[in-house]
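To start, the structure itself, in structure tokens.
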């Protein structure tokens, strides 16, 4: 058994198809199938249930594949250590980012990263948070930009980057479109449009709903922030949008009004996360500091209607979530 054979097994476990796994490994299907049988013969157990149209791993096959991922991840760490020793700012970095942040943050930071680290090849992987956490543990990404808090932090280092406020998006003719100042309790009777399950922004918005006494609009689940934006512009309802998603180069819709809360401002905390065992910790810390600095100007909201006594959101350190003021 060698590392190549382990890569074949992991590819088959991930793709559940001999043809696609062979393509991913750049070998023929018979070659991959032969090597999988070689591993089974060497171990004396069946790893794969072969069916005409799909592939299932046995219980022991799943366990072997998981351990193989760990071995391959450690090998990648050895290669990274050697590469970073030669030149810490060169090579390839696989950066994960979740869908409701990636399209809105990256335009503000990628050019600055390339200018600061011109020899760095940055590979971006966009996935939901739970998938990125698994890929971090498996060594398939080197670091990730994620929203706090995280469910799995035992083997991960979390470097706080910035706090991103939420703004309320309402149709132009909505009763809250011109209310000044806008307070969190003003949305207590609203039913918000939210994203589908699996998006961390959905959980964050539900937390805000709980604080404000608001609720979710029944029968509606969006798959992207752009869907939410279009539905609000069409007058279907109201929603919460993160600050970066309403800043240039994202175009403003004339049918949609954006409002900032004047009191207990809802927000989400963004961090850069990597394995504590990473070989390039010093470089990752420099990169995190750069991303934080590049993002800061884009977090300064400039909305159409000024709010009175709007709090300035800190971008250099995490803060505790504030509770809404009493309705009394």
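Laboratory data are not the source of any read-out in this text; all were calculated from the coordinates shown. Since this is a predicted model, take the numbers as computed values, not measurements. Cβ sites come from the backbone with ideal geometry, for glycine too, and all protein chains shown count toward neighbours.
Residues of region 58-90 with the amide nitrogen closer than 17 Å to a label point 7 Å from the Cα of residue 114, along Cα-to-Cβ, please. Residues 90 fall inside that zone.
Any chance you could run the full-extension gain for residue 43 through residue 125? It's 0.36 nm times the residue separation minus the Cα-Cα distance, nm to one decimal. Walk me through the numbers on the way to the answer.
Details: separation 82, 0.36 × 82 = 29.52 nm, distance 3.44 nm.
That works out to 26.1 nm of additional length.
Please work out whether region 1-111 counts as rounded, prolate or oblate from its C-alpha gyration tensor, where a ≥ b ≥ c are the square roots of the eigenvalues and a/c under 1.5 means rounded, while otherwise a/b larger than b/c means prolate and anything else oblate? It comes out prolate by the Cα gyration axes. Considering only 263, 196, 23, the mean-square fluctuation computed in a Gaussian network model of the chain, springs between alpha carbons under 10 angstrom, is largest for 23.
Counted over the chain, the DSSP beta bridges are approximately 65% antiparallel. From most to least packed by mean Cβ count within 10 Å, the peptides 54-61, 236-243, 143-150, 222-229 give 236-243, 143-150, 222-229, 54-61. Exposure proxy shown here: for 111, 33, the number of other Cβ atoms within 10 Å sets the order, fewest to most, as 111, 33.
On the basis of the beta-carbon distance and an R0 of 22 Å, residue 60 and residue 34 show a calculated FRET efficiency of 0.65. Distance between the C-alpha centres of region 273-293 and region 86-164: 9 Å, rounded to the whole angstrom. Against the chain, whose longest principal axis is taken from its Cα atoms, helix 129-138 shows a tilt of about 30°. Name the shape class, rounded, prolate or oblate, that the alpha-carbon gyration tensor gives for region 164-266, where a ≥ b ≥ c are the square roots of its eigenvalues, rounded holds for a/c under 1.5, and otherwise prolate holds if a/b is larger than b/c and oblate otherwise. Since a/c stays below 1.5, the shape of region 164-266 is classed as rounded.
Peptides 62-68, 24-30 ranked from most to least packed give 62-68, 24-30, packing being the mean of other C-beta atoms within 10 angstrom over each peptide's residues. Could you list log10 I(q)/I(0) for the chain at q = 0.08, 0.09, 0.10 Å⁻¹, which the Debye formula gives when each Cα is one point scatterer? Computed log10 I(q)/I(0) values: -0.48, -0.59, -0.70. Length available on full extension from residue 15 to residue 188: 0.36 nm per residue minus the Cα-Cα distance, which gives 57.7 nm.
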